[in-house]
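*Asks:* Pasting a structure here, questions to come.
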Amino acid sequence: MKTILVTGGAGFIGCNLVRLLVDQPSVRVVNFDLLTYAASYRSIADLDGRDNYCFIRGDIRDADALARAFTEHRPTAVIHLAAESHVDRSIAGPGVFVETNVVGSYNLLEQARCYWNELDAGRREAFRLIGVSTDEVYGSLGDQGAFLESTPYDPSSPYSASKAGADHLVRAYHRTYGLPTIVTNCSNNYGPYQFPEKLIPLMIIRGLAGEPLPVYGKGENVRDWLYVSDHCQALWRVLQNGQPGRTYNIGGGQEMKNIDVVYALCDLLEAFRPAAQNAALRGKSSYRELISFVTDRPGHDFRYAIDASRIQSELGWQPEQSFTSGLQQTVRWYLDNDAWLQHILSGDYRRWIEQNYAQR
Ligand code: NAD
Ligand code: TYD
């Protein structure tokens with residue numbers, strides 16, 4: 001029986017991953033999450049009561065809470081996703097990013113090390129800790145090339161700098177103490193349950209509400225898009241067959257300019273809920289008319305692209321979704337899950353976004 005401690009399992013990627021893991025034979029999942037503004041407890045509440053699943057509301061900044069989780073649940077592996085994850089918020093207030101992403105990751109590593117030191121030889125060898133990170137730690141690319149696992153770190157935002165700090169610690173705990181850690185660096189995820197502050201769900205909800213679609217700068221920046229279930233399958237493979245001490249890049253192989261992503265979203269909204277039938281778009285003949293070019297993000301990385309040949313050749317993983325099919329499923333999902341959206345849009349997030357848009 002594998003017991004996998006997942007941190008951040010109530011967030012976007014985490015809840016998709018937890019769903020994949022609880023359906024595997026001989027796997028028990030312990031979900032450790034603080035339930036910040038970005039979490040969606042509703043997305044995993046139905047798992048309560050399953051005998052191979054347990055939820056702990058806990059803070060990775062609290063070393064004692066982590067120590068209790070290790071002692072009580074005796075995990076065979078840890079997948080670490082808990083983080084503050086939004087670049088714009090990190091620009092507005094970097095402190096919590098350092099506390100959660102750097103200090104919280106340090107706490108997790110330290111508690112994992114204390115626990116791991118006491119295991120018998122067989123369990124020590126089988127133990128794994130995966131640090132889930134981002135391609136943003138590599139910095140910005142020009143028109144050509146792609147990030148390799150050997151690309152030097154060069155983060156631009158407080159978010160990516162804090163993730164870089166965590167990655168260095170994850171690797172240092174392997175080199176210094178022998179803790180069997182692995183780092184993964186993935187590109188921009190999209191799909192069900194993504195909090196609507198990130199580009200794709202934000203454009204969907206604002207479009208449906210007939211609100212302006214804020215495109216930073218000229219919309220020329222390029223991101224690689226990875227469907228969330230493809231990412232979760234990759235993490236599952238890394239957990240089973242990844243080599244301790246190694247880094248794996250994970251990408252969707254789907255590079256797009258932001259403006260083309262927004263055009264594609266407008267066209268899907270038009271197909272599923274035509275502007276002419278949406279009262280919120282009164283006076284507009286198409287969703288594209290909502291596009292509004294706004295002041296660029298400071299330090300905005302121009303382009304990210306991933307060379308995922310290592311995970312493909314060593315672990316046999318490759319993405320299944322094209323951007324076209326993934327985006328279509330995503331828009332459909334947001335249209336069908338209005339109750340989830342209304343729930344997540346209440347409270348803190350609402351206040352934050354009100355302030356943020358007032359400033360622009
Ligand atoms: P998210 O913001 O949707 O979820 C983060 C989760 O972490 C939330 O459930 C939140 O409650 C929890 N959390 C935050 N602070 C915590 C704390 N102090 N203690 C315990 N839990 C805490 O993020 P996501 O998009 O699901 O990203 C998950 C991970 O993947 C992050 O580490 C992120 O850096 C990384 N990542 C995300 C993307 C992406 O496109 N979403 C891309 C690359 C890497
Ligand atoms: P985002 O989803 O915040 O992810 P990241 O910054 O981690 O890549 O943004 C994706 C791209 O979309 C990024 O280049 C910034 C841009 N963007 C906009 O143009 N408008 C927006 O309102 C948001 C949130 C992002």
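*Asks:* State, to one decimal in nm, how far the label point of E211 lies from the label point of Y37, with both points 7 Å from Cα in the Cβ direction.
*Replies:* Between E211 and Y37, the label points sit 1.3 nm apart.
*Asks:* Hey, another quick one. Mind ordering 292-304, 329-341 by average Cβ neighbours within 10 Å, highest first?
*Replies:* Result, highest mean first: 329-341, 292-304.
*Asks:* What residues qualify as long-range amide H neighbours of L34, i.e. H under 5 Å apart, gap of 5 or more or another chain, H built at 1.01 Å from N?
*Replies:* G8, G58
*Asks:* Continuing with the same structure: Under Stokes-Einstein, with the Kirkwood radius over Cα pairs standing in for Rh, what whole-number D in µm²/s applies to region 1-126 at 4 °C and 1.567 mPa s?
*Replies:* Values: Rh = 15.0 Å.
It diffuses with D of about 87 µm²/s by this estimate.
*Asks:* To the nearest µm²/s, what D does Stokes-Einstein give for the chain at 4 °C and 1.567 mPa s, using the Kirkwood radius over alpha carbon pairs as Rh?
*Replies:* For the chosen part, D equals 62 µm²/s.
*Asks:* Distance from the Cα centre of region 188-230 to that of region 271-287, in angstrom?
*Replies:* With region 188-230 and region 271-287 each reduced to a Cα centre, they are spaced 19 Å.
*Asks:* With axes computed from alpha carbons, what is the tilt in degrees of helix 158-177 against the longest principal axis of the chain, rounded to the nearest 10 within 0 to 90?
*Replies:* Around 20 degrees separate the two axes.
*Asks:* For the chain, find the longest principal axis of its Cα atoms and tell me its angle to the long axis of helix 228-241, 0 to 90°, nearest 10.
*Replies:* The helix 228-241 is inclined about 10 degrees to the chain.
*Asks:* Let me ask something additional. Give me a comma-separated list of calculated 3J(HN,Hα) values for region 183-197, in order, Karplus coefficients 6.51, -1.76, 1.60 applied at θ = phi - 60°, integers in Hz, x for any Gly or Pro.
*Replies:* Result, rounded to whole Hz: 10, 10, 10, 10, 8, 5, 7, 8, x, x, 6, 7, 5, x, 10.
*Asks:* Between the helical axis of 105-117 and the dominant principal axis of the chain, each derived from Cα atoms, what acute angle in degrees is found, rounded to the nearest 10?
*Replies:* 30 degrees
*Asks:* Before rounding to the nearest 500, sum -39500 (n - 2.57) across all DSSP H runs of length at least 4 in the chain and divide by the residue total; then give [θ] at 222 nm in deg cm²/dmol.
*Replies:* The per-residue figure over the chain is -12500 deg cm²/dmol.
*Asks:* Oh, and also: Starting from the alpha-carbon convex hull of region 201-282, give the projected area averaged over all orientations, in nm².
*Replies:* 7.2 nm²
*Asks:* Pairs of alpha-carbon atoms within less than 8 angstrom and 6+ residues apart define the contacts here; what relative contact order does the chain have, in percent?
*Replies:* Contact order relative to length: 17 percent.
*Asks:* Relative to the compact globular guide of 2.2 N^0.38 Å, what is the alpha carbon radius of gyration of region 244-341, as a ratio?
*Replies:* Cα Rg divided by the expected 2.2 N^0.38 Å: 1.43.
*Asks:* Please compute the length gained on full extension between Q144 and A276, using 0.36 nm multiplied by the number of residues separating them and subtracting their Cα-Cα distance.
*Replies:* Numbers: separation 132, 0.36 × 132 = 47.52 nm, distance 4.11 nm.
Between Q144 and A276, full extension yields an extra 43.4 nm.
Quick note: the coordinates plus some simple rules give every number you see, no bench work behind them. Keep in mind that what you see is a predicted model, and the values were worked out from it rather than measured. Because the Cβ atoms are built from the backbone with ideal geometry, glycine has one as well, and the counts that use them run over all protein chains shown.
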